[in-house]
Amino acid sequence: MRKNIIAGNWKMNKTLQEGLELAKGLEAALKDRSYACGIIIGTPFIHLASLPAVIDTKKIAVAAQNCADKESGAYTGEVSAAMVKSTGAEYVILGHSERRSYYGETFEVLKEKTLLALKNGLKPIFCIGEVKAEREANKQNEVVKAQLEGSVFNLPAEEFSKLVIAYEPVWAIGTGLTATPEQAQEIHAYIRSLIADKYGKEVADNTTILYGGSCNAQNAKGLFVNPDIDGGLIGGASLKVEDFVAIIDAIG
Ligand code: PEP
C-alpha cells in the first residue's frame, strides 16, 4: 500500500549554517517519537552534501528542489541529477509552480528532468496544479491532466511507480488560502483515476499523492483524513521545527 509522506520545501531560504541547524533541530524534535510517515526535507542545493553528516538521512530523507534537464557539460550554473544523487539525496522536487512560472519550465523540459532524475536513481516529487483563473473557470481537472500527460505519462509503469505526485493549487501556495478538504479530496481522487486509467488500479493505489498550498498545523488534519490525500508538501511551515513537527503529528 502507498506511503504517507510529509515533505518540506525550504525554497530559497536558510544559509548553509542555518539550514544545518534547522535539520538538526528537526531530528532532535523527532528523536523519541514514533511516526508512520516518510519525512523529507527539500533544501537548496548548497545544503545537500552536508546533511548526511549531521542527520540520519534514513529517518529524514533529503530532496533537491530542482535538477538540470541535461546530463552534464557546459551548462554554467546548473546542477545535474547525477550530482544531486552523489550527495546522498533520495528525492528531487520537479515541476514546482515557481519553477514553471518564474523559470519557464515547460512540459518538455520537465519530461527531460524527470527522465534524468529517474536514470540517476532519484525519486521525483512531481508537482502539478492550476492557477486561480483556471480554478475559477473550473478547468483544474484538464490542467492537471495536461501536466501529467505532457511530462510523466510517457514513462513505463515501473518508472512511473517511483514518482510521488504533489497536487499544489498555485492560488494556495504561500498565500494563506488553502483548498478546502473537499476540493482537495475531489481532485486527488481525479488524479488517482487518471493514473488508474493510464497504469492500472494497482499502480494508482500505490501512488502517494501529496497536497501542497498553505498547509499548516491548523488545517493539516482536516486535509490528511481524506482517503486520497497521502500527506503534504509544505513550504513556509517547514522552516520552523515546531510547525513542521505539528504537521507530521497531524498525519501520525
Ligand atoms: C510549496 O512551496 O510547495 C508550498 C506548498 O508552499 P506553502 O506551504 O508556503 O504554501
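The values are calculated or read from the model by the stated rules, or taken from the named source; none is laboratory data. Just so you know, these numbers come straight off a predicted model, no measurement behind them. Glycine also receives a Cβ, built like all others from the backbone with ideal geometry; neighbour counts cover every protein chain displayed. Note: areas computed on protein heavy atoms with side chains; ligands, DNA, RNA excluded. Shrake-Rupley method; radii C 1.70, N 1.55, O 1.52, S 1.80 Å.
Of a type outside the set (Lys, Arg) and open to solvent by 50 Å² or more (accessible area, probe 1.4 Å): which single residue out of ALA137, ALA146, ALA68 fits that description? Talk me through it step by step, then tell me what you get.
Values: ALA146 fails: open to solvent by 50 Å² or more (accessible area, probe 1.4 Å); ALA68 fails: open to solvent by 50 Å² or more (accessible area, probe 1.4 Å).
The unique qualifying residue is ALA137.
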### Query
Among strands (runs of 3 or more DSSP E) lying entirely in segment 1-112, which contain 1 or more residues that are over 29 Å from LYS201 (Cα atoms)?
5-9, 38-43, 60-64
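Just to be sure I understand, how many residues within segment 192-217 are hydroxyl-bearing (Ser, Thr, Tyr), under 18 Å from the mean Cα position of the chain (by Cα) and surrounded by fewer than 17 Cβ atoms within 10 Å (Cβ to Cβ)?
Taking segment 192-217 as the starting set, the residues that turn out to be hydroxyl-bearing (Ser, Thr, Tyr) are 193, 199, 207-208, 211, 214.
Then keep just the ones that are under 18 Å from the mean Cα position of the chain (by Cα); that gives 207-208, 211, 214.
Next cut, surrounded by fewer than 17 Cβ atoms within 10 Å (Cβ to Cβ) only: none.
Final tally of qualifying residues: 0.
Among PRO181, PRO169, which is in contact with a Gly (Cβ under 6 Å, 6 or more places away or on another chain), of a type outside the set (A, V, I, L, M) and open to solvent by 40 Å² or more (accessible area, probe 1.4 Å)? Break it down into steps so the answer makes sense when it comes.
On the way: PRO169 fails: open to solvent by 40 Å² or more (accessible area, probe 1.4 Å).
Step by step, each of PRO181, PRO169 is checked, and only PRO181 is in contact with a Gly (Cβ under 6 Å, 6 or more places away or on another chain), of a type outside the set (A, V, I, L, M) and open to solvent by 40 Å² or more (accessible area, probe 1.4 Å).
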## Note on the structure
Among (1) within 16 Å of the ligand (Cβ to nearest atom); (2) in contact with a helix residue (DSSP H, G or I) (Cβ under 8 Å, 6 or more places away or on another chain); (3) of a type in the set (Val, Ile, Thr); (4) under 24 Å from SER101 (Cα atoms), VAL164 falls short only on (2)
### Summary
Among the residues of segment 218-236, the number that are open to solvent by less than 50 Å² (accessible area, probe 1.4 Å), within 12 Å of the ligand (Cβ to nearest atom) and farther than 15 Å from ILE5 by Cα is 1
